[in-house]
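Data first, discussion second: the structure below is written as structure tokens.
Bear in mind that the values in this text are calculations on the coordinates, not laboratory data. Note that the structure is a prediction, hence the values are computed from the model and not measured. FYI the Cβ positions are ideal-geometry reconstructions off the backbone, even for glycines, and counts take in every protein chain you see.
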């Protein structure tokens, strides 16, 4: 009997059927108004923090596995692509203190 080259449907019960909880734990992106303009704010869970960054608020390192906030301008004049490229990672406390 010849072999079938047709793709078969996904089988239920696999490991891929489990929901990705890391997205739910990370939080939702939202816009915050600060004194210097509107900012996109994306909370990042400790699970999603896989690199080290320097917080622009305090100048200290944000280590791997530390929950923090990623921000970029929502009202920038240079365009959305440039604003996203200029995003910064802040400690949660430092971002709250930013006026």
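Just so you know, in region 83-99 the residues that are more than 15 Å from the chain's Cα centre (by Cα) and not in a helix (DSSP H, G or I) include one that is farthest from residue 66 (Cα to Cα), and it is 99. Of the residues making up region 40-69, just one is surrounded by fewer than 19 Cβ atoms within 10 Å (Cβ to Cβ), touching a helix residue (DSSP H, G or I) at 6+ places or on another chain (Cβ under 7 Å) and part of a strand (DSSP E or B), namely 43.
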